[in-house]
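Rule-based calculations on the coordinates, nothing more; no lab input. Keep in mind it's a predicted model, so treat the numbers as computed, not measured. All Cβ positions, glycine included, derive from the backbone under ideal geometry; neighbour counts span all protein chains shown.
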Amino acid sequence: MPPADGVAAPAPPESERYGYYVLGVLMMVYALNFIDRQLITILAPDLKRDLGISDSDFGFLYGTAFGVFYAVFGIPLGKLADHWSRVRLLTIGLALWSAMTACSGLSRNFAQLGAARIGVGIGEATASPCAYSLISDYFPPRRRATALAVYSAGLYVGGGISLYFGSRIAADWNAYFAGQAAPFGLVGWQVAFLAMGIPGLLLSLLVVTLREPPRGRFDPPQDAVATTPGSPLADFVRSLESVLPPFTLLAAARAGGLGFAINAGGALVACLLVWSMATLTGDFVQWAAFALGCYAVFSWGQNLRHADRTTFDAVCRSRALVGITLGYGLVTIVGYAMTAFAPLYAIEVLGADPREAGFVLGGAGMAGGILGVVGAGALADRLADGDRNHRRVWVIAGTAVGSALLYALMFTAASRPLFYLLNFIGWIFFAGTLGGSSGAVVNAVPARVRGVATAGFVLGSTLLGLAIGPYSAGKFSTLLGDLGSGLLVLLVVVPFGLAALLMAERDLRRRAA
């Protein structure tokens with residue numbers, strides 16, 4: 001009898017070697033994920049000039065436009081990843097975000113580029129839920145953090161590639177066609193987007209050939225994934241209704257009049273947030289997008305509690321998962337702001353040539369990121385040997401403090417060589433926070449909810465880190481008249497992140513006792 005989700009029963013992997021092959025492909029996917037996400041940072045000076053945007057507008061494009069929709073759609077897509085073919089879903093997402101990256105190169109104004117960034121965010125929301133779930137079924141618990149760290153290293157490979165090749169393509173194109181009409185009137189930054197989007201469409205043809213491993217194959221029987229009645233796609237549509245206004249009100253109404261009233265109250269609070277913050281800052285689009293994300297998360301949690309109490313309890317009521325998500329998310333407010341503006345700082349403040357900045361910062365991000373994420377993942381696995389998952393939180397907290405200190409020194413550096421050196425070391429520590437977090441998340445929840453749990457974890461680092469960090473840094477830099485000072489203001493959030501991680505560590509320690 002075929003399984004309830006309509007997907008053919010997966011054959012078990014032929015060998016451990018095949019698992020490493022899958023890991024390599026997924027690492028390539030994640031590299032493209034971050035190429036398409038990070039490319040905009042090295043092109044920032046050209047975008048500011050040609051589109052007439054400010055630092056806070058750039059922060060919105062890099063962070064909020066991408067991050068809010070990445071987070072919101074990650075919720076229903078994480079649910080779909082738990083009950084449908086993860087390989088098919090990842091293939092569709094890869095093709096979508098690659099196509100939207102190419103479309104970014106056709107943008108002629110701020111609104112068009114913003115719309116393309118939203119499309120990139122929606123497509124990329126498939127990556128981590130699918131990849132984390134697949135890797136967890138190809139590698140046993142004692143090796144998951146290391147495997148996930150290797151996967152996460154693709155992030156830093158992609159970041160390095162995007163900065164180096166993005167700057168080279170844009171500069172060389174502009175230099176070659178200086179003083180003459182370029183094909184189709186395209187300028188360098190547009191060609192860079194087009195060139196970086198096409199490889200993902202080709203890689204999707206390889207991803208679709210991967211095998212689906214049995215879910216929960218290394219986990220206890222009580223954690224096995226239960227089949228769900230009906231179609232997984234219909235379940236996805238219902239999940240989408242729970243996060244996409246105005247359908248959120250209809251979804252809430254199914255829980256009764258009280259449920260509708262609570263949801264309407266949440267919508268009112270979101271509207272008040274938009275009004276108050278837009279009045280204070282003058283940035284309506286930024287706060288409308290952020291409030292949309294917050295309201296969507298609230299609606300999703302309310303709907304999940306009514307429709308799937310088991311998953312709600314396992315994810316939303318886990319002090320460990322909530323603490324790791326909030327802690328890592330708060331730390332990434334600083335980290336994403338630094339990665340967004342580091343190339344711009346090197347070019348505009350320290351006078352670097354864009355190609356030099358792309359080469360050095362890209363190489364530093366790639367080498368430092370890989371060292372940090374793989375090293376921290378391996379260290380977390382070693383410390384957590386057995387049932388001591390709380391020790392992984394030690395790694396997250398230690399690397400978070402180290403990255404904050406390095407970035408504080410970095411944006412007070414007076415010379416480019418020192419700035420570049422501190423950036424490299426800072427990447428090691430910042431990447432280490434992800435290396436520790438990924439293993440802690442997947443080992444803190446049962447197999448049947450890993451897709452949703454991963455989506456929730458990604459939610460913290462996007463709604464907090466991406467939607468707040470780059471925009472706030474750009475806004476403060478405008479208010480203070482200094483980009484470095486605008487970035488350093490954000491360090492105030494780090495102690496709050498450490499407090500959230502302490503809550504997670506205590507809960508995991510209690511479980512291990």
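Below is a table of values for the structure above.
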{"quantity": "Net lengthening on full extension, ALA181/VAL492 (0.36 nm per residue, minus Cα-Cα)", "calculated": "107.1 nm"}
{"quantity": "Tilt relative to the chain, helix 390-410 - C-alpha long axis, 0 to 90 degrees, to 10", "calculated": "10 degrees"}
{"quantity": "Average projected area [Cα convex hull, the stretch 371-513], square nanometres", "calculated": "9.1 nm²"}
{"quantity": "Rounded to the nearest 20 debye, dipole of the stretch 75-208 from Cβ charges on Lys, Arg, Asp, Glu", "calculated": "280 debye"}
{"quantity": "Residues ILE135, ILE92, sorted so that the one with the fewest Cβ neighbours within 10 Å comes first", "calculated": "ILE92, ILE135"}
{"quantity": "Taking N as its residue count, the alpha carbon Rg of the chain over 2.2 N^0.38 Å", "calculated": "0.93"}
{"quantity": "Cβ-Cβ FRET estimate between TYR20 and SER485, R0 fixed at 60 Å, reported to 0.05", "calculated": "0.85"}
{"quantity": "Vicinal HN-Hα couplings computed from phi for the stretch 380-385 (Karplus, 6.51 cos²θ - 1.76 cosθ + 1.60; Hz; Gly/Pro x)", "calculated": "5, 4, 5, 5, 8, 3"}
{"quantity": "The stretch 108-176 - Debye-derived log10 I(q)/I(0), Cα point model, q = 0.19, 0.22, 0.23 Å⁻¹", "calculated": "-0.93, -1.02, -1.05"}
{"quantity": "Estimated FRET transfer efficiency (ALA264, CYS316; beta-carbon r; R0 22 Å; 0.05)", "calculated": "0.60"}
{"quantity": "LYS475, LYS48 arranged by Cβ crowding within 10 Å, fewest neighbours leading", "calculated": "LYS48, LYS475"}
{"quantity": "SER485, SER56 arranged by Cβ crowding within 10 Å, fewest neighbours leading", "calculated": "SER485, SER56"}
{"quantity": "Rounded tilt (10° steps) of 416-442 against the dominant C-alpha axis of the chain", "calculated": "10 degrees"}
{"quantity": "Nearest 10 degrees, 0 to 90: helix 494-512 Cα axis against the chain principal axis", "calculated": "20 degrees"}
{"quantity": "Distance (nanometres) between label positions extended 7 Å along Cα→Cβ at ASP385 and LEU502", "calculated": "3.0 nm"}
{"quantity": "Length gained when the stretch ASP353-ASP172 is fully extended (0.36 nm per residue, less Cα-Cα span)", "calculated": "63.9 nm"}
{"quantity": "Overall form of the stretch 145-277 per C-alpha gyration tensor (a/c, 1.5; a/b vs b/c)", "calculated": "oblate"}
{"quantity": "Per-residue ³J(HN,Hα) for the stretch 176-182, Karplus 6.51 cos²θ - 1.76 cosθ + 1.60, θ = phi - 60°, Hz, x for Gly and Pro", "calculated": "5, 9, 4, x, 9, 6, 7"}
